[in-house]
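Asks: Handing you this structure, nothing more for now.
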Amino acid sequence: MGGIYVDRESYGYNTNRVALYRYFLEPLGVSVDKWSMGVRGRSRTYSFADVFSTYANVLQPQLEASLGSNPVPGLSAPYDCAGATGLITAVNTTLSSLPPADAVPLYTDVQRIFNKSCIECHGGLLYPPYGNYGSVLNLSEDETPPAGADRLDRSYGIVTSAYITTNPATSFLYQRITATSENCPFGLMPCGGPPLSKADIETIRRWIVGPPSAPNTRGDPHIKTVDGVNYDFQSAGEFVLLRGQNLEIQARQTAVETDSPLGPNPHTGLTSCVSLNSAVAVRVGAHRITYQPNISGQPDPSGLQLRIDGKLTTMGAQGILLASGGRIIQTTAPGGIQIEAPGGTIVVITPDWWDYYRLWYLNIDASHVRATQGVMGAIGRGNWLPALPDGSLMGPKPADLNRRYQDLYGKFGNAWRVSNASTLFDYAPGTSTGTFTIASWPKGESPQSCTLPRRPEGMKPPLKALALEVAQKHCSALVADDARANCVQDVRVTGEPGFARTYLLAEKIARNAVPTAPILVFPENFKIDLVKPIAFTWDKASDLDGDPLTYRHCVWEVKEKFTFKKCDATSIETTSWGRGIVYAVLVALAGCLSFAVLILLGMKNRRGPLVLVVIAILAAVILAFYLGWTSTVSRTVSELESGKAYYWKVIADDGKGGSTESETRRFTIK
């Protein structure tokens, strides 16, 4: 505090250096002010400062080497603490490049918290007391990840599989770090240790919630970033839209001829020729999913091809369950699919067929994403575009239009263009990502014409642009202002009204109200010595759209990783608040009939009894609605092993792509 670490009474030679090294070590998960000298780390010691020089002899050369390979402007050897070219000055200078305080945390921020506060028990070593209650929850980094994997992929995959939802209130992880009981190991975590700081708890909460905006790319690729910035990106080729832990989304953009260029974009200020999203590839954990036209290159209006890990797949009405924990389901749009990743991330693909050009095009929407890199990535303070793959920033928007074009489609676009090594797409023999690349597109900052550099033989001329009023009429039903404005541009410049239909289908899916979370009743959390069979019980969820709901009841052993295959295959179908309304209407009709009979029997002038009858009818209607709406659902299970611990939860699904998970509870069979 105030530049003085609070562990000790002595403030000698090492004080400033310990404070400075905290800046380097804390982001790596090393808790300098609570340095642990033991393997278990149960008894904290405060002798780090006394032996700091021993560690500095190892750490200092490594840090100096990194500063030499990745220099900080204004910093040069010798790396002293103070002075105009010192470390403290350099640290203060680099603070301006940090993301804003309200930016969505990265998983590296969450892993740092795990490293310093959780892996003593949840590190795969199974020390007691954790060893007595062990589950699959290993939060340590993977020192030897498989080829192509990241050292954080394992812990991220475990945490997102069952320990978080998109709502902190129903996330098992958040419940444990904010619990009020200190009944170890069923109460507050870390178990038996100090609670996490408020800053660390808030970091985890914000990471669970994810970004405030739902990024997307629609029509002639209009981009909305994870932080809600809209800009146009009209290149031709294959690009990384989003990249994060265990998730990557790539899109193929195909150039199309138009009668005139697209007008200046409000964010970039650039006029450009247009392209369309014509294929998408998504990595979910270890799975590679592609949704693209027939790879033979022959136009096929019958539909797109779905492949999982390179294998052509046909999806049935029940969808496809992924071994890594996600699933793929159909949407309400013709040919539309929804890819769900563990942790609640959703990617919705809405396709349509442009018959004039014999071409498929796609709208791609994502929600609850925790990825922040890519063409749809976050834009840092003082920057006009997302960061590059190596983390370097694009800086403020240039004043010169040609410089903007070179930065957007040259430096930035090429940095996020996929290579033969990084592509997720499937290709026909003899083709590659280069087959779909047109480096010169979209033809400069102010193109005069939008003809393709290599026109296929027999290609039709572009359609004539539509009048603004005509395009506005086609797009008038859209609710979101930015979507409606983009739709008008696309319909007008392409001369194709079908773009409005695709926008409407995508917006309808995005605006679907998801159900409320089912409320678990029995068994209670951490219930022990349960006797089989068990009647699992939960209160029904509700749906604002009145859609009938399906419940998936999921039970799995604590030592197993959750996937959708742990849920009952035969879902439980119920109605939502609609049944309550039916009950209430029936009771109201019966009450009105009784009221009419009483009047006919001569009770018209006896107001007192009639008032009581009216009150009774109203009470009966309310009670009928309540009983029809809040009744519980139950499922009895007997196929559980004695002496074992399990998790359970319930997923409510509205059949339109909207689903919500309950909290996760733990119980033990006697």
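The values are calculated or read from the model by the stated rules, or taken from the named source; none is laboratory data. Not measured: the values here are computed from a predicted model. With ideal geometry, Cβ positions are generated from the backbone for all residues, glycine too; neighbour counts draw on all protein chains shown. Ligands, DNA and RNA are excluded from the accessible area calculation, which covers all protein heavy atoms including side chains. Shrake-Rupley method; radii C 1.70, N 1.55, O 1.52, S 1.80 Å.
Asks: Quick one: count up the residues across region 371-395 that are aromatic (Phe, Trp, Tyr) and closer than 19 Å to Trp441 by Cβ.
Replies: Total meeting the criteria: 0.
Asks: Another question about this same structure. Within the set of pairs 6+ apart or on separate chains, which have a first residue in region 286-305 that is on the phi < 0 side of the Ramachandran plot, a second that is of a type in the set (Lys, Arg) and open to solvent by less than 60 Å² (accessible area, probe 1.4 Å), and C-beta atoms under 6 Å apart?
Replies: Thr290/Arg307
Asks: Filter region 420-436 down to residues that are over 18 Å from Leu388 (Cβ atoms) and either among the small types (Gly, Ala, Ser) or more than 29 Å from the chain's Cα centre (by Cα) (or both), then give me how many there are.
Replies: Number satisfying all stated conditions: 7.
Asks: Consider region 396-419. How many of its residues are without any contact (Cβ under 8 Å) to a residue 40 or more places away in the chain and farther than 25 Å from Pro447 by Cα?
Replies: Qualifying residue count for the region: 1.
Asks: Can you pull out the residues in region 513-522 that are open to solvent by less than 40 Å² (accessible area, probe 1.4 Å), touching a Ser or Thr at 6+ places or on another chain (Cβ under 8 Å) and part of a loop (DSSP other than H, G, I, E, B)?
Replies: If the condition is that a residue be open to solvent by less than 40 Å² (accessible area, probe 1.4 Å), touching a Ser or Thr at 6+ places or on another chain (Cβ under 8 Å) and part of a loop (DSSP other than H, G, I, E, B), then Pro515, Ala517, Pro518 are the ones that fit.
Asks: Let me ask something additional. Can you spot a residue in region 496-512 that is under 30 Å from Tyr356 (Cβ atoms), open to solvent by 50 Å² or more (accessible area, probe 1.4 Å) and aliphatic (A, V, I, L, M)?
Replies: Checking region 496-512: at least one residue is under 30 Å from Tyr356 (Cβ atoms), open to solvent by 50 Å² or more (accessible area, probe 1.4 Å) and aliphatic (A, V, I, L, M).
Asks: If you check every pair at least six apart or on different chains, which have Cβ atoms under 8 Å apart with a residue in region 56-80 that is of a type outside the set (A, V, I, L, M) first and a residue that is in a helix (DSSP H, G or I) and open to solvent by less than 60 Å² (accessible area, probe 1.4 Å) second?
Replies: Sorted first by the residue in region 56-80, then by its partner, the pairs are Gly74/Thr89; Gly74/Ala90; Tyr79/Leu63; Tyr79/Leu67; Tyr79/Leu87; Asp80/Leu87.
Asks: Any idea how many residues of region 536-562 are open to solvent by 20 Å² or more (accessible area, probe 1.4 Å), among the hydrophobic types (A, V, I, L, M, F, W, C) and modelled with pLDDT under 95?
Replies: 1
Asks: Within region 420-433, does at least one residue satisfy the condition of being closer than 26 Å to Ile208 by Cα, among the polar types (S, T, N, Q), in contact (Cβ under 8 Å) with a residue 40 or more places away in the chain and buried (at least 19 other Cβ atoms within 10 Å of the Cβ)?
Replies: no
Asks: Restricted to region 307-326, and to residues that are open to solvent by 70 Å² or more (accessible area, probe 1.4 Å) and not in a loop (DSSP other than H, G, I, E, B), which residue is farthest from Lys561 (Cα to Cα)?
Replies: Among them, the one singled out is Leu312.
Asks: If you take the residues in region 382-419 that are closer than 17 Å to Tyr231 by Cα and among the small types (Gly, Ala, Ser), which one is nearest to the chain's Cα centre (by Cα)?
Replies: Per the stated criteria, the residue is Ala387.
Asks: Of the numbered conditions (1) assigned to a loop (DSSP other than H, G, I, E, B); (2) at pLDDT below 95, Glu663 fails exactly one; give the number of that condition.
Replies: Single failed check for Glu663: (2).
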